[in-house]
Amino acid sequence: ELPENWTDPRETLLEGMLFSLKYMGMTLVEQPKGEELSAAAVKRIVATAKASGKKLQKVTLKVSPRGIVLNDSGTNELIENVSIYRISYCTADKIHDKVFAYIAQNQLNENLECHAFLCTKRKM
């Protein structure tokens, strides 16, 4: 979470910023980017997460110029390390205002995946 007086230090930008989020899930998408496409994907992920009734996994998401590193908050186990070159789109969803999502190409099978996360606050 960014403090009110955040002044953009270069070290933070290069090393990366940590965010504590809840992982909602993933769905496959047809295109690498697009607001309507990502909104539809987020809608599917939210519906699936609600229908499952399970607690969302708490994760730490680190954003840096190298990409996104995702760790389990409880075990600190690496979940995913996504190169910046595989990420094609990021968005804060308009309808679900606490949801952040990104679209990236899977390294193993080249599928386009939309991953969604629940933030504690809208400003985050």
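Using the Kirkwood radius over Cα pairs, work out the Stokes-Einstein diffusion coefficient for segment 21-86 at 4 °C and 1.567 mPa s, in µm²/s as a whole number. Estimated via Stokes-Einstein, D reaches 97 µm²/s. For segment 75-124, GluC sites (Glu not before Pro) are listed when DSSP marks them as loop and at most 13 other Cβ atoms sit within 10 Å of their Cβ; the list is GLU77, GLU110. Backbone phi angles across segment 87-95, fed through the Karplus curve with coefficients 6.51, -1.76 and 1.60 (θ = phi - 60°), yield HN-Hα couplings of 8, 10, 6, 9, 7, 9, 5, 6, 7 Hz in residue order; Gly and Pro are listed as x.
Sequence gap at least 6, Cα distance under 8 Å: using those rules, report the relative contact order of segment 16-119 to the nearest whole percent.
Working: 213 pairs, mean separation 34.8, N = 104.
Computed over segment 16-119, the figure is 33 percent.
Compared with the dominant principal axis of the Cα atoms in the chain, helix 35-52 is inclined by about 80°. Taking amide H as placed 1.01 Å from N in the peptide plane, the amide H of GLN57 sits under 5 Å from that of TYR23, each at least 5 places away or on another chain.
Exposure check, 1.4 Å probe, all protein chains in place: PHE117 carries approximately 0 Å² of accessible surface. For segment 55-124, a Kirkwood hydrodynamic radius built from all Cα pairs, placed in the Stokes-Einstein relation at 25 °C and 0.890 mPa s, yields a translational diffusion coefficient of 190 µm²/s.
The values are calculated or read from the model by the stated rules, or taken from the named source; none is laboratory data. Computed from a prediction, not measured in an experiment: that's the story for all the values here. Reconstructed Cβ throughout: ideal geometry from the backbone, glycine too, with neighbour counts over all protein chains shown. What goes into the accessible areas is simple: the full protein's heavy atoms, side chains included, and nothing from ligands, DNA or RNA. Shrake-Rupley method; radii C 1.70, N 1.55, O 1.52, S 1.80 Å.
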